[in-house]
Amino acid sequence: MTNNISGNKIRSDFISFFEGKGHTFVPSSSLVPGGDQTLLFTNAGMVQFKDVFLGTDKRPYSRATNSQKCMRVSGKHNDLEDVGRDNTHHTFFEMLGNWSFGDYYKREAIGWAWELLTRVWGIDKSKLWVTCFKDEKGEIPTDEEAFQSWQEQPGINKEQILYFGRKDNFWEMAETGPCGPCSEIHIDRGEKFCDKKGKKGHICQVNGDCARFLELWNLVFIQYNRTSPTELAPLPATHVDTGMGFERIVSVLQNVDSNYKTDLLLPLMDVVLSLSGQTEEEREADLTPYRVIADHCRAATFLIADGVVPGNVGRNYICRMIIRRASRFGAKIGLADPFLAKVAESVINIYGTAYPELTKNAKNIKDNLTREEVKFHSTVEGGLQILESYIKDLNNLDEKVLDGERAFDLYATHGLPLEITKDVLEEYELGVDQEGFFQAMETHRINSGAGKEFGELGGEDAEFYSHIAKNLIKEGKIPPEGIEQNPYIEEEITTEIISIIKNGQEVKEICDGEMGEIILERTNFYIESGGQVSDTGQISNKNYENLFLISDIRKPAAGIMVHIGEVEQGQFQIGSKVKLSFDANRRQDIRRNHTATHLLQYQLRLTLGEHVRQAGSLVAPDRLRFDFTHPEGLNADQIKEVEDKINEKILQNAPVSIGHKKLEQALEEGATALFGEKYGENVRTISIGGSKPYSYELCGGTHVSETGEIGTFLVVSEGSAAAGIRRIEAVTGRKAYALTRQRLSSLEHIANLLETPINKVEDSVQSLLIQKNHLDDQLKKMKEKEAISIYQTEKQSVENVNGVSMLSLFFEDIPMNILRQLADFFRNDFQEGLALFGSLAQEEKVQFVVTATDALVAKGIHAGTIAKAIAKEIGGSGGGRPDMAQAGGTDYEQLKQSDLAEYIKKLG
Ligand SMILES: [Zn+2]
Ligand SMILES: [Zn+2]
């Protein structure tokens, strides 16, 4: 065993070892699980193979190997608080795995695992322990086959083959479904690694839960299908699913006692060390900030590369939260400026070869990190101060838990994620009401109309439909791989009704006026996917006298598709032959918008740059919506260029061609793979532009055959969808025509009002505006003249109170400079005097000046003090010199009530 084998070498050793055993290397899927809405992040190697085990997907290979990017941020496997506080917990990690889909089984899997660990990597055999399954309840057969296979491994210590029960050695995907026994390989790192020595009840042994015995590798043998809590049926084909935590095997092979000391994470902590200027000793004394930063920055780097940028909900929130948490821990060791981009550079260096998406998105990653740090810095100070005051409150009241409402406000108003609030509170041995936080968030979301991020999760009815699907397969009404769906064929097909569902129950027929769901043996409908909405249409009998209008179609469980709608006339029975047709005009509108979406993505990259990546899309009949990563709003020129260039492409009437090929080939040819989309081995490609296509994407949607069919493309809006994400909405075809028609009509109407030809409308409006400005100006001057002449009249009859001349005048729409001019006149005209000139301006704003003559000032009267006092009365503020002050406010009536004599008495 060698100390200087690199992490990258260990990863490639694993993959080439299994390639040598006939396995196909399958690249890691995205951290965003494609098609699986129930999962926030890919959290295990098997996620991308789940459908293969469930029997709803087939692959061209039966042996696979890979290293999978995984994320766990909460839940039973990982609590965020542990990350950074120990040597082993991570948010992001890699899983190495090998799979057999109905191919080899226990004997081979066990033999190869032993061979790789002991012969290739040279791990001391005497240190390895293995476990097999033996049911403590005696219901499931003991896994003697695995036990036997282990006994045959060269050099194994037979005393170190152990049996364990359900908790440790039986694996289940869910309540029901594929499951089976597993076999684990543990390594004994020696007594000194035990971190629970002397702890009450600790027995230092395999599965004893201390750092001495590490589980290295879990081999799962899938051989049963669980149909109920007590029933297991043998599967016709058996599978192998193995997982080895990458960071852990690297720590073992590099002979270090912490994942953070491996060459995967130590270099990141070194970057932080050099930035903080601390000494190695200081770092050793408090490793937590270093570990948190290394872990979180690595995770954020991978997330952003997979298109998950910082934001407010779901995955984007997680990305924001870990960046902010890392930033706060940075502040604890004196890092005041944004620093994560520098750490990310090191992540990209270490991982860029194995995960080229990091190198490709390097700039985008660093920009996003820095932007988020800056954003956080600008609010965090205030947030932390408020939190400090809450902590004081809690301590004063002798309470231990901060309520969810205030915790949410800290996030919503001051950008302090719940997790950071929790970190800080914990430092004071206080807690936070997390449930209350999410309630407050929910209320806020509903109030702001933002809706739920993930719609309906899986659907509560998945079980009901799975049951229907299974029966239909059993009865031979649909093939085991499910109903055939081909949305690319003709508008109308003939098929048969195989199931009808009404009020959540299977029924034999459905009658006039009733709503329900119909399952057909095949369908030509498109089901919402890749942003394109589902088709609508109808089911009818031969002569169209029976009619079922379809408003939606969905796939509630693997294998079946239900057409949802209402019987318009007649009735339908199970077994009837029917015609199924989608709304062809609507489909045509959708096709236009889908092809236009591809042109838009292409053109945005040309106009804005290669960093533009799709972050969401909607292809509906009436519009298209495209979200993409870009740091700032588009200016009018950019929008115009995008629109112009796309319309040029439309006029060129370029062919749109569909291809079917291997994923690998398509990617090699440079096809754009859409983020978050799950691709099988065989993919469908859409290219626009003929033999030298300019747009080339993997896509399962429906498209026009020539760009000319799109008609016209018009951008209707551009705005922000989330931090770092822009949204463009556009229309094409019939909608674009309707919009153009509507705008032209409105222009014609304006021309009529102006009594001018359309081509003169602009000039005509221009000259109207000039006239208006001129009139406004004249009006203003007249008012000013009038104000002065009013003053000249009113000064003849000023009030005299105890020898002081007092004048108050009020106007409308008189600017400040004129009020000041009146004040100057007044000071010239009177010996001992005090005056107030006020004006009500537009939008109910009030302004005024107070002036006192020099003689009065000499007697101790201060215009500023008086102005201030009056302003207070009218809901405003102001002040100034002793002889001249100006102020503003809102209550004009109150201002008119002001009595200068009173103020002299009060303040003079
Ligand atoms: Zn121990
Ligand atoms: Zn597409």
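A probe of 1.4 angstrom, applied to the heavy atoms of all protein chains, finds Tyr544 with accessible area near 100 square angstrom. Just to confirm my numbers, what's the Cα centroid distance between region 710-733 and region 606-647 in Å? That distance is 6 Å. At an R0 of 41 angstrom, the distance between the Cβ atoms of Gln588 and Thr756 translates into a FRET efficiency of 0.55.
Stretching the chain fully between Asp398 and Lys477 yields a gain of 21.7 nm (0.36 nm per residue, less the alpha carbon separation). In this label model, Ser126 and Ser717 are separated by 7.3 nm, measuring between points 7 Å along each Cα→Cβ vector.
List the relative contact order of the chain as a percent without decimals, with contacts defined as Cα pairs under 8 Å and 6+ residues apart. Dividing the mean separation by the residue count of the chain yields 6 percent.
Here the 3J(HN,Hα) profile of region 152-165, calculated from phi with Karplus coefficients 6.51, -1.76 and 1.60 at θ = phi - 60°, is 7, 6, x, x, 6, 7, 5, 5, 9, 9, 10, 9, 9, x Hz, Gly and Pro shown as x.
Name all residues of region 378-419 having a backbone nitrogen under 12 Å from the label point set 7 Å from the Cα of Glu426 along its Cα→Cβ direction, giving them as ranges. 419, by backbone N distance to the label point. With all protein chains kept in place, the per residue accessible area of the chain amounts to 47 square angstrom at a probe of 1.4 angstrom.
The charge dipole of the chain, taken about its Cα centre with unit charges on the Cβ atoms of Lys, Arg (+1), Asp and Glu (-1) only, comes to about 1480 debye. Loop-located trypsin sites (Lys or Arg not before Pro) across region 82-126 with a Cβ neighbour count of 16 or fewer within 10 Å are Arg85, with loop assigned by DSSP. Each part reduced to its alpha carbon centroid, region 839-886 and region 260-280 end up 62 Å apart. For Val432, the accessible area of its heavy atoms, probed at 1.4 Å with every protein chain present, is near 20 square angstrom.
Residue-wise HN-Hα couplings along region 362-374, as the Karplus relation 6.51 cos²θ - 1.76 cosθ + 1.60 with θ = phi - 60° gives them from phi, are 3, 5, 4, 4, 5, 4, 5, 4, 5, 4, 5, 4, 4 Hz; Gly and Pro carry x. Close amide-amide hydrogen proximity is noted between Ser695 and Ile688, each under 5 Å apart and 5 or more residues distant or on a separate chain (H modeled in the peptide plane; Pro and chain starts excluded). Please list, by residue number, every one of the GluC sites (Glu not before Pro) in region 375-431 that is coil in DSSP and has at most 15 other beta-carbon atoms within 10 Å. Taking region 375-431 and a limit of 15 other Cβ atoms within 10 Å, the loop GluC sites (Glu not before Pro) found are Glu399, Glu429. Taking Cys179, Cys511 and ordering them by how much accessible surface each has at a 1.4 Å probe, largest first, produces Cys511, Cys179. Residues whose amide H falls under 5 Å from that of Ile550, counting only those 5 or more places apart or on a different chain, are Gly537, Gln538, Ile539, with hydrogens built in the peptide plane. Only helices enter this figure: runs of n ≥ 4 DSSP H residues, each worth -39500 (n - 2.57), summed and divided by the residues of the chain, yield -12000 deg cm²/dmol at 222 nm to the nearest 500.
Of the listed residues Leu384, Leu265, the order by accessible area with a 1.4 Å probe, largest first, is Leu384, Leu265.
When Glu709, Glu94 are compared by accessible surface with a 1.4 Å probe, the order from highest to lowest is Glu709, Glu94. Ligands, DNA and RNA left out, the 1.4 Å accessible surface of the chain is 48% carbon and sulfur atoms. Note on Asp512 and Ala738: with the Förster distance fixed at 35 Å, the Cβ-Cβ geometry gives a FRET efficiency of about 0.50.
Each Cα pair under 8 Å and six or more residues apart adds its sequence gap; the mean of these over the residue count of region 522-678 is a relative contact order of 18 percent.
For the pair Glu405 and Leu768 in one chain, pulling the backbone fully straight at 0.36 nm per residue adds 125.3 nm over the alpha carbon distance. To the nearest 10, the accessible area of Met173 is 50 Å² with a 1.4 Å probe.
The distance separating the Cα centre of region 115-129 from that of region 367-412 comes to 50 Å.
The values are calculated or read from the model by the stated rules, or taken from the named source; none is laboratory data. Quick caveat, the model's predicted, so the values are computed rather than measured. For neighbour counting, all protein chains shown are included, and Cβ atoms are generated from backbone atoms with ideal geometry for every residue, glycine included. Just the protein is used for accessible areas: all its heavy atoms, side chains included, with ligands, DNA and RNA removed. Shrake-Rupley method; radii C 1.70, N 1.55, O 1.52, S 1.80 Å.
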